[in-house]
Amino acid sequence: MKTLYTFYADAARIALQSIFAHKLRAFLTLIGIIIGVASVVIVGAAISGLNTYVMEKVTAVLGVNHFMIARMAHQGELSEEEWEKMNRRNKVLELEDYDWVRDYCVACSEVGAQLQNRTDLKQNGEELFGVQVQGVTPNMQSIEDKTIAEGRFILPQEVETAAMVMVIGDEVKEKFFPGQDAIGKTLNVRGLPLSIIGVEEKRGSMFGQSFDKMMYIPLTTYRKIFGGRQSLQIHGKAATREKLQTAIEDARTSLRNKHKLKGNEDDDFGLVNTSDLAGEVDSLTGGIAAVVVPIVAISLLVGGIVVMNIMLVSVTERTFEIGLRKALGATRKQML
């Protein structure tokens with residue numbers, strides 16, 4: 001036992017002596033290992049972090065267990081031919097479609113409606129371009145899990161009366177009312193004054209797109225300001241994640257019945273949900289991984305080659321020592 005201990009102690013001593021005798025070689029070996037392993041770890045963590053970041057932002061904007069029916073909603077890429085086919089086939093969604101889905105989607109815990117457009121705001125010498133204006137039903141707050149930092153959200157009676165009120169995003173507040181209480185103040189939208197009743201909690205941005213440059217107004221008020229025959233978005237929510245698919249199918253079947261579609265006919269509307277977006281995010285990060293991982297593999301290979309060459313040099317230098325040990329009867333295990 002003592003002999004075995006002495007053997008390994010001597011081996012460790014010789015190894016340490018070799019390391020300190022060839023500091024540059026040891027350093028290069030260490031760098032080769034570190035670069036290869038660190039590249040794999042960093043890239044894996046970055047891709048996982050990006051996936052988590054995007055999903056958190058999507059959830060913050062759209063809420064959970066949420067789906068949307070819209071005239072041209074779709075998942076993934078569409079060819080020009082597919083887009084044209086959808087554009088010809090799909091109908092403009094009206095308030096009657098929303099009412100129908102709301103009444104007949106039994107599995108939905110909430111059904112809301114939304115219209116949206118962009119406008120430029122100018123007031124008191126300040127300008128903010130490309131503000132997204134959403135005309136909504138009151139329950140869009142719970143469907144998209146919106147948090148109101150100041151004031152309140154839109155009430156049902158304000159939709160019924162087309163009240164000239166609005167809830168603004170944090171960026172809009174900071175632009176026109178910095179350091180002030182914005183509740184009760186007015187902003188002009190296309191020349192019409194709207195009273196501020198609430199300020200949404202700051203949500204930040206993703207890939208350069210701000211989620212705080214927003215404005216929410218009653219759906220009926222939106223129609224009064226923007227007019228036109230714009231297709232409606234119908235938003236639904238399931239009580240739990242497990243019930244989401246059931247709610248989606250219930251809403252889809254309800255709208256197909258409203259449009260009198262036969263069993264073999266395609267939907268004349270589009271439908272997407274937060275789970276689909278999760279799949280899109282996975283595809284995005286998968287595409288990034290497909291490009292980055294081979295590059296990382298090359299760095300790992302280069303690191304391995306560096307280590308291999310240094311080990312080859314070490315073995316070559318010990319040729320005389322190995323020959324002497326063999327002559328004295330050392331076994332292969334002892335030489336290694």
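Read-outs throughout are calculated quantities, based only on the coordinates presented, and are distinct from any laboratory measurement. On a predicted model such as this, the values are computed, not experimentally measured, just so you know. In this analysis, Cβ positions are derived from the backbone assuming ideal geometry, glycine residues included, and neighbour counts consider all displayed protein chains.
A few remarks follow.
- Pair-distance distribution P(r) for region 64-273, from all Cα-Cα distances in 5 Å bins starting at 0: 1, 7, 14, 17, 18, 16, 12, 8, 4, 2, 0, 0 percent.
- Paramagnetic reach from D268 (point 7 Å along Cα→Cβ, amide N under 16 Å) across region 226-250: 231-232
- Cross-link pairs K146/K243; K146/K175; K185/K224; K91/K237; K85/K260; K91/K213 - those with Cα-Cα distance over 28 Å: K91/K213
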